[in-house]
Amino acid sequence: MLEIAYADWVSLMFRWLHVVAGISWIGTSFYFIFLDLSLRKHANLPDGVGGEAWNVHGGGFYLMRKYVVAPAEMPKELHWFKYEAYVTWLSGFALLAVIYYWGAESYLIDKDVLDLESWEAILISMAFFASGWIIYDLLCRSPFSSHSLLLSAAVFVLIAFAAYFLTHIFSGRAAFVHVGAMVGSIMVGNVFFIIIPNQKKVVKSLLAGEEPDPRLGAIGKHRSTHNNYLTLPVVLMMISQHYPMLYDNEFSWLVVTLILLVGASIRHFFNLMHTGKPIFTLRWQWPTGAALMVVLIVLLSWQPAPDPNAEQVEVPSAVDVLAIAQSRCASCHAVKPSDRLQRRQPPVHNSPLQHH
């Protein structure tokens, strides 16, 4: 009883931290993508400046400028944006460990999908995070990485394959969250292994009085753009546990691909809008996103014809359902819960009504 209560409190603290850090990371990421795309060039820019943008917020006006490579001298004060990403990943992994590793038997493993021991499932989980980053990084370093569309397609296929395999290893809920966590690991890997180290190399060159390598900034921007397009799908996949219709079906890996396409389409709209393009050139993203959502709804609403040879399952009566709800659900989900510790219950696999 106390162990379950401790798990709930630990989960609450890590979830709150994860949400706060994630908002900070997404906010700075979206702002700097907007800033980069909204920069404008004119004849009076200082040497080395590729563009500037005027911003207004909170009653003040701000002039933002971007150097093509780096300023001639190292500024006295330089603000870094990295800890938001690190804390988001660390708190997210801690939350995943509390829910899916600590409660592997209840939340990570589905014996009907694959009969695993807890330690096997946990090792597979961590292996997916590491291998996802390694394969993605190799793709970004491959000869065709200069072809943005081809690389994007390869990353899309990587995530789709990961979703397919995960849905055949873990429970539906765990598989969906793991896809989001794997993509989130790729995103923070871009920050930790590529973007920040490249920026540090530029700073080191400035301090040494050397000319920084312009490729370092270009590579960092490339990875940052990937993160930008992956953000919206990741957010939905990480909250998917609240929407069983997304993962509790045989097409859940296809659902992941549709979520990727919808999120990327909407993000592309905003990115093009930041460049100052007129609205009439931005007519396809929202209709495309809406059409894909319709496909998603139809896909999740489709029910296969019943197998006449299948074993008939006894449907519980309303009285049975009410009795189960009162004994299993009301203590936590009533208007005034009677269970002070909000105790979580494991799945009841021998009942016709699956709860929790």
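Convex hull volume of the Cα atoms of region 194-339, normalised per residue: 250 Å³. Calculated from the alpha-carbon coordinates, the chain shows an Rg and a Dmax of 24.2, 80 Å respectively. Taking amide H as placed 1.01 Å from N in the peptide plane, residue 67 has its amide H under 5 Å from the amide H of 50, each at least 5 places away in sequence or on another chain. Qualifying trypsin sites (Lys or Arg not before Pro) in region 42-116, where qualification requires a DSSP coil assignment and no more than 16 other C-beta atoms within 10 Å, comprise 76, 82, 111.
Computed over the alpha-carbon pairs of region 225-281, the distance histogram in 5 Å steps reads 4, 18, 24, 18, 14, 10, 6, 5, 1 percent, short to long.
For region 100-121 and region 153-202, what is the separation of their C-alpha centers, rounded to whole Å? Comparing the Cα centres of region 100-121 and region 153-202, I get a distance of 21 Å.
Modelled spin-label separation between residue 112 and residue 54, with each label point placed 7 Å from Cα along the Cα-to-Cβ direction: 6.2 nm. Estimated from helices alone, the mean residue ellipticity of the chain at 222 nm is -19500 deg cm²/dmol (sum of -39500 (n - 2.57) over DSSP H runs with n ≥ 4, per residue). Using all pairs of distinct alpha-carbon atoms, the Kirkwood hydrodynamic radius of region 135-264 works out to 15.9 angstrom. The stretch between residue 144 and residue 79 holds 20.0 nm of extra length on full extension. This uses 0.36 nm per residue minus the Cα-Cα distance.
Using a Debye calculation, one point per C-alpha and no hydration shell, please list log10 I(q)/I(0) for region 1-136 at q = 0.09, 0.13, 0.15 Å⁻¹ in order. Here the Debye-derived log intensity ratios amount to -0.50, -0.79, -0.90. What does the charge add up to near residue 66, with Lys and Arg as +1, Asp and Glu as -1, over the other residues with Cβ less than 9 Å from its Cβ? Local charge sum for residue 66: -1.
Pairs exceeding 26 Å between alpha-carbon atoms, taken from 201/277; 82/277; 66/204; 111/336; 41/82; 66/277: 201/277; 82/277; 111/336; 41/82.
Read-outs: derived from the displayed coordinates by stated rules, not from any lab. Nothing here was measured: the structure is a model prediction, and the numbers come from that model. Cβ sites come from the backbone with ideal geometry, for glycine too, and all protein chains shown count toward neighbours.
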